[in-house]
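**Q** Handing you a structure now.
The values are calculated or read from the model by the stated rules, or taken from the named source; none is laboratory data. Note that the coordinates shown come from a computational prediction; the quantities given were computed from them, not determined experimentally. All Cβ positions, glycine included, derive from the backbone under ideal geometry; neighbour counts span all protein chains shown. Only protein heavy atoms, including side chains, enter the accessible area calculation; ligands, DNA and RNA are left aside. Shrake-Rupley method; radii C 1.70, N 1.55, O 1.52, S 1.80 Å.
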Amino acid sequence: MFAGHHKSHLLVCATLLQTFFFLFFFFSLSPTFADGARHHGGGRHSSQHKSTSPRARQQIIIGGCNLFQGSWVLDLSYPFYNSSSCPFIDAEFDCQKYGRPDKQYLKYAWKPDSCDIPRFDGGEMLRRWRGKKIMFVGDSLSLNMWESLSCMIHASVPNSKTTFARKESLSSVTFEDYGVTIYMYRTPYLVDIVREQVGRVLKLDSILGGGAWKGMDLLIFNSWHWWTHTGESQGWDYMEVGNSTLYKDMNRMDAFFMGLTTWAKWVDLNVDPSKTRVFFQGISPTHYQGREWNQPTRSCVGEQEPLSGASYPGGLPPATNVVTRVLSSMKTPVYLLDITMLSQLRKDAHPSSYSGDHSGNDCSHWCLPGLPDTWNQLLYAALAM
């Protein structure tokens, strides 16, 4: 095995093996991926959104309406709930409780250019999904969205009996009067991490934990946030491909492509689309680098308004191209909840320093109430249209 400290000829062999395995994934998924990789493999952002495959277009445009192209407008009827009245919000997202002084960020609604979207009605959602099971699968951005949806529904039926269970990997909120359970399954990479003698191994072609995802009526998947982490915040010590070759590191976009391909194959093999609807949450952006919106000395700290317009100066993250290419290759219909660009405009919506459980400046997650409520309103619209 290659462990990063052998002689130079072993380094060469390992590099060749990595290339072989990447080409294996490449040809097994899409003959057009190589062209896209040249555009996004090394840079931080792409200049255009390339969600242009026929399948991707069908998922984003429903009945002539592109839910994800539009702008933010003030709406004094927002937010959908108060954080103090929702029992499901973690301290890291509860910005008002932990001292955020401004409130205008709570008052913005997303307005698509080509249609009006229905206002979220938690009672109606519970009636439609009576007796059903909904599951979010992914990282802390999935947690952000799960808590948001639970709060939005709770605000619609505040007197409904609920059961709330929190565990390390699997949590749930059940609305007992309707028999609806909303689960959160925590798995930041979707593929497995296994503790072995050498340390924590991220297995790019293995999903053994997927048994918990079966039997759901609605699945909302997400991954990307943790693939970029390095140093002490990195969640693994080695990556593994093919049960035989360990890598101390590799190009993170290549690794993400391999891992997401493994997830796509799992969905195609294990999900019956006549019984289960599948969504991919999309790439949630960060706002640590003000140069992305032409203010190089800024971050999300102190931001109180969204960017105007319908595009983001820094362009879209390259990971969006990986997501759309993998989804377009799948047999199972997967709806892309394409929240990236509309979220990029919300540099004002992060906790920054107003978090009860996140040291430093958080420009990755989102305040609740806040932006994830819009993600769930768009999910609600997509399910209804």
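**Q** Within the range 290-304, is even one residue within 27 Å of Gly259 (Cβ to Cβ) and of a type in the set (Lys, Arg)?
**A** Checked against the condition, which is being within 27 Å of Gly259 (Cβ to Cβ) and of a type in the set (Lys, Arg), the range 290-304 yields no hits at all.
**Q** How many of the residues in the range 220-239 are part of a strand (DSSP E or B) and within 23 Å of the chain's Cα centre (by Cα)?
**A** Going through the range 220-239 one residue at a time, the tally reaches 3.
**Q** Pick from Leu307, Leu342: which is closer than 19 Å to Gln69 by Cβ and touching a Leu at 6+ places or on another chain (Cβ under 6 Å)?
**A** Working: Leu342 fails: touching a Leu at 6+ places or on another chain (Cβ under 6 Å).
Matching residue, one of Leu307, Leu342: Leu307.
**Q** Does any residue of the range 96-109 turn out to be closer than 20 Å to Lys161 by Cα, open to solvent by less than 60 Å² (accessible area, probe 1.4 Å) and of a type in the set (Gly, Ala, Ser)?
**A** Taking every residue of the range 96-109 in turn, none turns out to be closer than 20 Å to Lys161 by Cα, open to solvent by less than 60 Å² (accessible area, probe 1.4 Å) and of a type in the set (Gly, Ala, Ser).
**Q** Among the residues of the range 115-153, which ones are open to solvent by 30 Å² or more (accessible area, probe 1.4 Å) and closer than 25 Å to Ser84 by Cα?
**A** Passing the criteria: Arg119, Asp121, Glu124.
**Q** Considering only the range 354-364, how many residues are within 17 Å of the chain's Cα centre (by Cα) and either open to solvent by 10 Å² or more (accessible area, probe 1.4 Å) or of a type in the set (Lys, Arg) (or both)? Walk me through how you get there before you give the answer.
**A** Residues of the range 354-364 within 17 Å of the chain's Cα centre (by Cα): 362-364.
Going one step further and asking which of them are either open to solvent by 10 Å² or more (accessible area, probe 1.4 Å) or of a type in the set (Lys, Arg) (or both), we end up with 364.
Qualifying residue count for the region: 1.
**Q** Related question: Restricting the range 293-341 to residues that are closer than 26 Å to Lys103 by Cα, aliphatic (A, V, I, L, M) and in contact (Cβ under 8 Å) with a residue 60 or more places away in the chain, which is surrounded by the most Cβ atoms within 10 Å (Cβ to Cβ)?
**A** Ile339
**Q** Let me ask something else about it. When the range 66-76 is examined, which residues are found to be farther than 16 Å from Asn376 by Cβ and assigned to a loop (DSSP other than H, G, I, E, B)?
**A** Gln69, Leu76
**Q** Which count do you get for residues in the range 177-193 that are over 17 Å from Phe256 (Cα atoms) and open to solvent by less than 70 Å² (accessible area, probe 1.4 Å)?
**A** Final tally of qualifying residues: 8.
**Q** Of the residues in the range 213-246, how many are surrounded by fewer than 17 Cβ atoms within 10 Å (Cβ to Cβ) and either in contact (Cβ under 8 Å) with a residue 60 or more places away in the chain or among the basic types (Lys, Arg) (or both)?
**A** 5
**Q** Restricting to helices (runs of 4 or more DSSP H) lying wholly in the range 273-385: which have 2 or more residues that are closer than 20 Å to Ala91 by Cα?
**A** By residue number, 371-384.
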